[in-house]
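The values are calculated or read from the model by the stated rules, or taken from the named source; none is laboratory data. Keep in mind the model is a prediction, meaning the values are calculated, not measured. Please note: Cβ atoms are built from the backbone with ideal geometry, for glycine as well, and neighbour counts cover all protein chains shown. Surface areas here come from the heavy atoms of the whole protein model, side chains and all, with no ligands, DNA or RNA. Shrake-Rupley method; radii C 1.70, N 1.55, O 1.52, S 1.80 Å.
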Amino acid sequence: VHGHADWCPTCRRQEPVIDTLSGERAFGGVTVFRANFDTETAFRAANRIAGQSTILVFKGGAEVGRSTGVTDPAQIRSLARRAL
């Protein structure tokens with residue numbers, strides 16, 4: 001889940017990295033959701049998301065990774081691998 005805000009420059013840098021990963025065969029079984037940081041307030045509260053540009057990784061319904069503000073493609077890829 002990408003806690004995304006349209007006005008956030010960090011989110012805009014994360015977006016193409018996440019889009020690229022979601023198109024790769026290795027991540028074919030991974031579903032990517034974008035949660036609008038400004039309007040999905042119940043989701044934010046339930047998942048303790050304090051800031052935009054937060055990426056949450058779930059596997060089997062449990063959170064297995066979290067990062068805020070990371071834009072490095074290698075770090076995002078490593079985080080996403082936790083869903084596999």
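Of the residues that sit in the stretch 8-36 and are of a type in the set (S, T, N, Q) and more than 20 Å from G61 (Cβ to Cβ), which one is surrounded by the fewest Cβ atoms within 10 Å (Cβ to Cβ)?
By that ranking, first place goes to T20.
This table checks each residue for (1) in contact with a helix residue (DSSP H, G or I) (Cβ under 9 Å, 6 or more places away or on another chain); (2) of a type in the set (A, V, I, L, M).
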position	(1), (2)
A5	yes, yes
D19	no, no
R44	no, no
K59	no, no
S67	yes, no
A74	no, yes
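With the requirement that a residue be of a type in the set (V, I, T) and either closer than 23 Å to T20 by Cα or part of a strand (DSSP E or B) (or both), what does the stretch 34-84 give you?
Residues satisfying the conditions are T54, I55, V57, V64, T68, V70, T71, I76.
Please find, within the stretch 50-73, the residue that is surrounded by the fewest Cβ atoms within 10 Å (Cβ to Cβ) out of those that are of a type in the set (A, V, I, L, M) and within 14 Å of E15 (Cα to Cα).
Checked the stretch 50-73; the qualifying residue surrounded by the fewest Cβ atoms within 10 Å (Cβ to Cβ) is V70.
Only residues in the stretch 70-83 that are touching a residue at least 60 places away in the same chain (Cβ under 8 Å) count as the first member; pair them with residues that are open to solvent by 60 Å² or more (accessible area, probe 1.4 Å) and outside any loop (DSSP other than H, G, I, E, B), Cβ under 7 angstrom, at least 6 apart or cross-chain, and list the lot.
Pairs found: T71/R13.
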